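Written below as structure tokens is the structure these notes are about.
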Amino acid sequence: MTTLIKHFIAGEFTAGDGARSISVTNPADNQPIAQVKCATPAEIELAVSSAAQAFKSWRKVAVPERARLMLRYQHLLKQHHDELATILAKETGKTFADARGDVWRGIEVVEHACNIPSLLMGETVENVANGIDTYSMIQPLGVCTGITPFNFPAMIPLWMFPLAIACGNTFILKPSEQDPMTAQRLAELFAQAGAPKGILQLLHGDREVVDALLCHPQIKAISFVGSVAVGRHVYQTGTQHLKRVQAFAGAKNHCVIMPDANKQQVINQLVGAAVGAAGQRCMAISVAVFVGDAKAWLPELREAMANVRPGLWNDAEAGFGPLISPQAKQRVLGLIAKGKAEGAACLLDGSDVSVSGYETGNWVGSTLFSGVTEEMSLYREEIFGPVLSCMEVDSLAQAIALVNRNPYGNGTSLFTASGAAARQFQHEVEVGQVGINIPIPVPLPFFSFTGWKGSFYGDQHAYGKQAVRFYTETKTITSRWFDDDIASAPNMTINLR
Ligand code: NAD
């Protein structure tokens with residue numbers, strides 16, 4: 001019998017009554033490993049009303065007490081790190097090392113949420129006018145919701161609910177229907193950490209559940225991470241319903257390679273950044289831009305990529321796992337075929353790669369193209385597979401102009417030995433997260449995850465101080481106390497005697 005994934009509604013774990021269910025499959029062979037029922041309208045309503053009810057008391061809980069919940073949660077997540085990584089690896093196909101990293105990057109956000117008392121500090125100016133003081137305090141919004149993608153089933157939910165809840169909100173998480181098992185375990189551990197009933201709700205399902213949440217009058221804020229089309233839909237629908245929305249969307253990340261860079265460093269870092277997690281990272285490097293003579297390194301890059309192969313999650317020698325679904329595989333194979341048809345040179349083709357004994361899995365091997373141009377589908381579309389497209393330019397200025405013409409702005413990196421080149425790049429490039437000799441510059445949680453342009457809709461980003469601003473309102477108080485208050489207050493007069 002297949003496992004039934006559970007929602008977490010009003011403090012109870014329940015498989016629910018949904019008539020429609022979705023199969024969760026092992027991407028290595030596409031065999032079902034679990035079933036998840038889509039939440040019904042009644043279940044969604046119960047989750048929202050329970051979260052709204054819980055907000056009334058949770059917002060009053062002392063801030064250090066909220067921090068203590070996060071401390072206990074962080075401890076439990078660390079205790080269950082390998083268990084969580086195993087669940088995650090089985091449902092995503094990620095290698096165990098990569099799955100551990102996914103969980104770890106989430107734990108780091110919980111650690112950041114443990115600092116909530118300092119993060120919630122307001123501002124004060126004494127004597128803004130004679131005898132008048134102004135001070136601000138930061139208050140939670142109410143019920144917030146998070147809609148997450150398949151590719152980081154631990155890290156991305158943990159970007160959202162720990163900080164939202166530490167700020168005093170209650171939260172409804174709608175994880176990806178493609179890998180919902182990790183989210184269930186995250187919720188179980190949160191309950192085990194002592195989370196009061198109702199502050200976290202977990203609802204499974206797909207677009208119908210999302211659309212119900214986007215329009216629900218009791219939901220104040222929506223955090224979304226996923227594809228461009230859905231991100232735009234979530235942003236437009238959510239804001240139309242007058243909600244606060246942050247929507248993190250797709251990407252096309254360029255790595256610019258100067259000829260003075262350390263060749264071996266470049267090759268090692270580029271291979272991992274392009275094909276790690278089978279390229280299913282929003283910060284994956286999918287375009288390598290070789291400046292001038294750096295293009296001479298292409299044969300060695302090809303050799304290094306050819307040495308990295310996909311495999312099962314528990315194969316310690318595997319560089320990456322399968323793609324998440326047969327549809328994802330077909331999309332990537334289609335783009336590889338288009339790349340060839342549109343005239344790019346395919347230096348390494350992973351289209352026919354498979355893993356012995358698991359031939360029905362969603363495998364695609366490392367794939368390398370050179371001679372890619374801006375008009376080609378390989379460049380225009382987010383591939384989300386282990387495919388690296390190489391382009392050539394004559395100067396750093398041309399490379400920066402190329403990156404800036406791209407509609408996305410999630411991440412980019414530059415490899416160079418020149419401080420002046422690095423300074424020019426970081427100053428001029430129109431991308432929100434920049435790595436200098438670092439291929440995937442994902443900031444740690446005391447900063448924020450600051451994608452730009454078509455990779456992000458909204459203004460306040462995930463985690464760091466920006467997330468605290470996103471999940472709160474600022475109340476500014478201006479106060480004056482008259483000297484004669486003391487004399488005119490009978491109780492005070494008595495007490496003062
Ligand atoms: P997706 O957009 O298909 O799904 C994301 C979420 O939206 C899921 O929970 C899904 O159930 C829901 N959803 C799907 N279709 C919907 C619809 N029509 N209406 C309403 N809701 C819908 O994304 P995915 O394939 O799970 O994730 C991969 C994408 O996420 C890639 O494009 C990747 O770049 C992006 N991503 C971006 C970031 C970032 O920080 N910018 C991080 C991770 C992933």
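So Q178 clears everything in (1) surrounded by 24 or more Cβ atoms within 10 Å (Cβ to Cβ); (2) touching a Phe, Trp or Tyr at 6+ places or on another chain (Cβ under 6 Å); (3) under 24 Å from Q280 (Cβ atoms) except one condition, right? Which one?
The one condition Q178 does not meet is (1).
Taking I44 as the residue in question, decide whether it is in contact with a Lys or Arg (Cβ under 8 Å, 6 or more places away or on another chain) and either closer than 26 Å to E111 by Cβ or modelled with pLDDT of 95 or more (or both). So that I can check it myself, show each step before the final result.
Numbers: in contact with a Lys or Arg (Cβ under 8 Å, 6 or more places away or on another chain): no; either closer than 26 Å to E111 by Cβ or modelled with pLDDT of 95 or more (or both): yes.
Criteria not met by I44.
Within region 36-72, which residues are of a type in the set (S, T, Y) and surrounded by 14 or more Cβ atoms within 10 Å (Cβ to Cβ)?
T40, S49, S50
Considering F190, F150, F161, which residue is surrounded by fewer than 22 Cβ atoms within 10 Å (Cβ to Cβ), among the aromatic types (F, W, Y) and closer than 15 Å to G106 by Cα? Write out each step before concluding.
Details: F190 fails: surrounded by fewer than 22 Cβ atoms within 10 Å (Cβ to Cβ); F161 fails: surrounded by fewer than 22 Cβ atoms within 10 Å (Cβ to Cβ).
Every option except F150 fails the conditions.
May I ask you to list pairs of residues, at least six apart or on different chains, whose Cβ atoms are under 8 Å apart, with the first in region 68-85 being within 17 Å of W159 (Cβ to Cβ) and in contact (Cβ under 8 Å) with a residue 24 or more places away in the chain and the second being among the polar types (S, T, N, Q) and buried (at least 16 other Cβ atoms within 10 Å of the Cβ)?
L84/T182
Is there a residue in region 20-30 that is over 30 Å from P310 (Cβ atoms) and out of contact with any Cys (no Cβ under 6 Å at 6 or more places or on another chain)?
Initially, region 20-30 is screened for residues over 30 Å from P310 (Cβ atoms), giving 20.
Filter again for out of contact with any Cys (no Cβ under 6 Å at 6 or more places or on another chain), leaving none.
Checked region 20-30: no residue is over 30 Å from P310 (Cβ atoms) and out of contact with any Cys (no Cβ under 6 Å at 6 or more places or on another chain).
Scanning region 216-225 for residues that are touching a helix residue (DSSP H, G or I) at 6+ places or on another chain (Cβ under 8 Å) and farther than 12 Å from I44 by Cα, which turns out farthest from the ligand (Cβ to nearest atom)? Walk me through how you get there before you give the answer.
The initial filter retains those residues of region 216-225 that are touching a helix residue (DSSP H, G or I) at 6+ places or on another chain (Cβ under 8 Å), namely 216, 218-219, 221-225.
The next check asks that each one be farther than 12 Å from I44 by Cα; those that pass are 221-225.
Details: A221: 16, I222: 11, S223: 11, F224: 7, V225: 5 Å.
Per the stated criteria, the residue is A221.
Conditions: (1) β-branched (V, I, T); (2) loosely packed, with under 15 Cβ neighbours inside 10 Å; (3) at pLDDT 95 or above. I486 meets all but one. Number of the miss?
Condition not satisfied by I486: (3).
For residues that are within 13 Å of the ligand (Cβ to nearest atom), buried (at least 22 other Cβ atoms within 10 Å of the Cβ) and either farther than 17 Å from G454 by Cα or polar (S, T, N, Q) (or both), tally how many sit in region 228-263.
3
The values are calculated or read from the model by the stated rules, or taken from the named source; none is laboratory data. No experiment lies behind these values; they were computed from the predicted model shown. Backbone-built Cβ (ideal geometry, glycine too); neighbour counts: all protein chains shown.
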